[in-house]
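Below you'll find the structure, written out as structure tokens, and then a few comments.
The values are calculated or read from the model by the stated rules, or taken from the named source; none is laboratory data. Keep in mind the model is a prediction, meaning the values are calculated, not measured. All Cβ positions, even for glycine, are placed from backbone atoms using ideal geometry, and neighbour counts span all protein chains on display.
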């Protein structure tokens, strides 16, 4: 676990490693003979989805390699079936906004609507949203400053949000304390659970990507705003040198006046 902590993986992934390895060790009674390991792996395959099994086996295999167990290299990862891609339309986001107003108390409705619109029109990751502080947002200029320590690639970046998101965000900021994260993961998950939707914050980023394409935004700019790596992509190298002002101009051409509630 100490070695994993030094690898800079997220706290959430660290907890997952600890949980999976402890379950594995307990199931094998801390005596890692080949038969018990094979029985446990087969039990996983019969109890979890291919994706979950794959993730658990990656962690178990990493642990077995760490202790130089002979079976480590024999563990094969299952293939994950490719499902039909989930297309998210403005009407799906609109349903969340209208249900929040009708089913949640005003303060919590504001939080859900603000988080949803901010994510859906900026493309930030869910974990980036959960760590946003007041100081990370310039509401007047519709700008989000994603700090490197919370970005997947550990690089600072900026992205922007629509006027519609700005309206709700400014109302929300007037009722929250400036010294705490704006959007608690626990709170958002709880209140989303009260709505009649299977969508969660992670889907807002997918909506931004799909809707940017529908609006005609250049893929290069979309990738930069979303924090995708452009390393080795010659077509994107020109955009790497766009400053914040130029990026905002391009963003505004497609997103500034886009309104989900009016679609």
Where residue 263 falls short, out of the listed (1) in the same structural domain as residue 125 (by TED's automatic domain parsing); (2) modelled with pLDDT under 95; (3) more than 21 Å from the chain's Cα centre (by Cα); (4) closer than 18 Å to residue 116 by Cβ: (1)
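Conditions (1) in contact with a helix residue (DSSP H, G or I) (Cβ under 8 Å, 6 or more places away or on another chain); (2) at pLDDT 95 or above; (3) more than 30 Å from residue 149 (Cα to Cα), marked per residue:
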residue	(1), (2), (3)
25	no, yes, yes
47	no, no, yes
50	no, no, yes
56	yes, yes, no
111	yes, yes, no
Residue within the range 15-30 that is under 30 Å from residue 126 (Cα atoms) and in a loop (DSSP other than H, G, I, E, B) present: no
Hits in the range 13-38 (condition: more than 13 Å from residue 69 (Cβ to Cβ) and touching a residue at least 12 places away in the same chain (Cβ under 8 Å)): 14, 16, 17, 18, 20, 27
Evaluation of residue 79 against (1) at pLDDT below 95; (2) in the same structural domain as residue 191 (by TED's automatic domain parsing); (3) more than 17 Å from the chain's Cα centre (by Cα) (one fails), failing number: (2)
Pick from the range 104-159, criterion part of a loop (DSSP other than H, G, I, E, B) and under 14 Å from the mean Cα position of the chain (by Cα), ranking: surrounded by the fewest Cβ atoms within 10 Å (Cβ to Cβ): 153
Residue count for the range 173-209, restricted to those that are in a helix (DSSP H, G or I) and either outside the structural domain of residue 121 (by TED's automatic domain parsing) or loosely packed, with under 15 Cβ neighbours inside 10 Å (or both): 4
From 71, 14, residue being touching a helix residue (DSSP H, G or I) at 6+ places or on another chain (Cβ under 8 Å) and closer than 29 Å to residue 199 by Cβ: 14
